[in-house]
Amino acid sequence: MVQIAWLRCPDCDGKFYVEKPQLGKDANWFCPFCKRTVKESEVNEIV
Amino acid sequence: MASDLRSYISQLEEVLPQQYVVIEKEIDSRFEITALLRRLEKADKFPSVLFENVKAINGQSGKRVFTNVTADRRRIALALGLDPDKWRSELTAEFARRAEKLIEPVTVSRAEAPVKQVVKVGAGADLQDLPIIYHHEMDGNPYGTLLVLTKKPENIGYNLAYHRTMYKSPQQTGIHMSPFHSWKTFTDNEKKGLPTPVAIVHGHHPAFILAGVFMSPWPWDEYKVAGAFLGEPVRLVPSETWGEDLLVPADAEVIIEGEILPGVREPEGPFGEWSGYYGPQRQNPVIQVKAITHRQDYIWYDTDIGHLDHPGIGWEAEIYRRVNDVLPGSVRGVFCPYSGREGFHAYISIEKLSEGLPAIAASAAQTVGYPKLIVVVDDDIDPYDEREVLFSIATRFQADKDLTVLKNVRGSMLDPSMSRLTTHTSTFIDATKPIDEPFPLRVQVPQAALEKVKLEDYIPRERVDEIPYTSY
Ligand SMILES: [Zn+2]
């Protein structure tokens, strides 16, 4: 299994997961619930 | 008349009308189609459904969507021109047999191509007009779940593959490719800084669509495989964007032409996948849409991904073909069951002529896709009946001598139990009887008594129908 990390959207608080090895590069992600583009540095919580 | 989705639907209405449902009431492409399919699934019902009045991304109603087409193997048998009741080993074998009788495609003019009835290029090619479906709650966006065709280098031919394509904006989608043939073509082009032309095919005869799940070897032209499954040449037509350099199927419902951009990665996903779990959001390539062509009254074909509609028969048929190559004439059936999400488990029934053959069958099966549980049973066991397979494990298998564990083989990234990124541990269970020592007989009633005693002579048919179905 690809390793996953849960992110919490700073706007809508929605939780979704991304491929963990791709973290650490401050890439853009996007929230599937509110569609906001989320920079890794602004994510509320990474689990 | 060439075979297409409409000819298949007519056949379905005629041969299996009870398996075909038409819904005229308006329904939203955003979760409502999949919600209705879940209601049906809960009731153990898996019809093909034609939705006549679907709301597209832009809110416009009246679009048509056809889905759940391959959720019942009788409908796959019908697509191959078989008697629908021959959905077990006859279907697997026919699939494998057809794949070896490749049929060359033919090229037709634009005027002869129904998919060119409406041509939209440039800014007019707007994905929002289409009823692209939101399947599951955490999906990143609406997703296309059908075939992406690419042209392999050096004129080898075309590749047809199921790839998820995520709506991003009116003229862009994301795409996820596992590291197989499309990925190879894309990365070869990307190394040279070149875009990869693609055509996304949303709707054709299911026999054509099934060519996208067949694991054919790299040098094969999959238009020829699609022709073999259809039993006639696929009719091709020049694309709007590349002309003769990228031919597209003339009898499709909708074609989205675009380029996978080199050097671009953007977030794509999560997406509810065939494994039954969401694949994570990842940085994935992007398709820039160049043109959309479709029939006047097109039908958008969708796969109810993550559920029974996922056509694992492509894996199953290739396992059949490879096992048959090493044990000619001995294979009685191969089944990749939905309980193993079709890609993870394979049950193989063979005529065991000597000890050691089950391991040869399992080794051949191991080379197709990502099986991680391979069970080989005798030819008196129906591999398409899981109760029979489990009976065979219960009574013909001892773990200390019949279990083989193979570590570090290619696995699927969609298997959440994998501890490593790309490899898993595969298990082979030899649930066959020993042939070099006596083995007890299964219980049975004499055949003569079975022939004499007919159910309807003792219990009225209506009374039989009233008795609840027991599934355990
Ligand atoms: Zn959000």
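The values are calculated or read from the model by the stated rules, or taken from the named source; none is laboratory data. What you are looking at is a predicted structure, and each value in this text was computed from that prediction instead of being measured. Positions of Cβ are backbone-derived with ideal geometry, glycine not excepted, and every protein chain shown enters the neighbour counts.
The table for this structure:
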{"quantity": "Scan of region B:386-419 for residues that are surrounded by 15 or more Cβ atoms within 10 Å (Cβ to Cβ) and within 14 Å of chain A (Cβ to nearest Cβ), ordered by number", "calculated": "B:GLY411, B:SER412, B:MET413, B:LEU414, B:ASP415, B:MET418"}
{"quantity": "Out of B:ASP430, B:ASP465, sole residue that is in a strand (DSSP E or B) and either more than 14 Å from chain A (Cβ to nearest Cβ) or basic (Lys, Arg) (or both)", "calculated": "B:ASP430"}
{"quantity": "Test: A:PRO10 is more than 12 Å from chain B (Cβ to nearest Cβ) and in contact with a strand residue (DSSP E or B) (Cβ under 9 Å, 6 or more places away or on another chain)", "calculated": "yes"}
{"quantity": "Residue check, A:LYS20 at the interface with another protein chain (Cβ under 9 Å from one of its Cβ atoms), closer than 23 Å to B:ASP415 by Cβ and basic (Lys, Arg)", "calculated": "yes"}
{"quantity": "Selection from region B:414-443 of residues that are in contact with an Asp or Glu (Cβ under 8 Å, 6 or more places away or on another chain) and either small (Gly, Ala, Ser) or free of Cβ contacts under 8 Å to residues at least 12 places away in the same chain (or both)", "calculated": "B:ALA431"}
{"quantity": "2 or more residues under 27 Å from B:TRP315 (Cα atoms) and assigned by TED's automatic domain parsing to the domain that holds B:TRP183: qualifying strands (runs of 3 or more DSSP E) within region B:110-169", "calculated": "B:147-151, B:158-162, B:164-169"}
{"quantity": "Whichever residue in region A:23-38 is of a type in the set (Lys, Arg) and within 11 Å of chain B (Cβ to nearest Cβ) and, among such residues, is nearest to A:ARG8 (Cα to Cα)", "calculated": "A:LYS35"}
{"quantity": "B:SER182 being of a type outside the set (Lys, Arg), at pLDDT below 95 and in a loop (DSSP other than H, G, I, E, B)", "calculated": "no"}
{"quantity": "Which listed residue, of B:ARG295, B:ARG265, B:ARG282, B:ARG321, is crowded, with 20+ Cβ neighbours inside 10 Å, within 14 Å of another protein chain (Cβ to nearest Cβ) and basic (Lys, Arg)", "calculated": "B:ARG282"}
{"quantity": "Flag for B:ALA361 being buried (at least 23 other Cβ atoms within 10 Å of the Cβ), touching a Leu at 6+ places or on another chain (Cβ under 9 Å) and either within 23 Å of B:LYS86 (Cβ to Cβ) or without any contact (Cβ under 8 Å) to a residue 12 or more places away in the chain (or both)", "calculated": "yes"}
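Residues are listed down the side, and each one gets a yes or a no for (1) part of a helix (DSSP H, G or I); (2) surrounded by 20 or more Cβ atoms within 10 Å (Cβ to Cβ):
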{"site": "B:PHE66", "(1), (2)": "no, yes"}
{"site": "B:ALA71", "(1), (2)": "no, yes"}
{"site": "B:ILE76", "(1), (2)": "yes, yes"}
{"site": "B:PRO84", "(1), (2)": "no, no"}
{"site": "B:GLU90", "(1), (2)": "yes, no"}
{"site": "B:ALA96", "(1), (2)": "yes, yes"}
{"site": "B:ILE103", "(1), (2)": "no, no"}
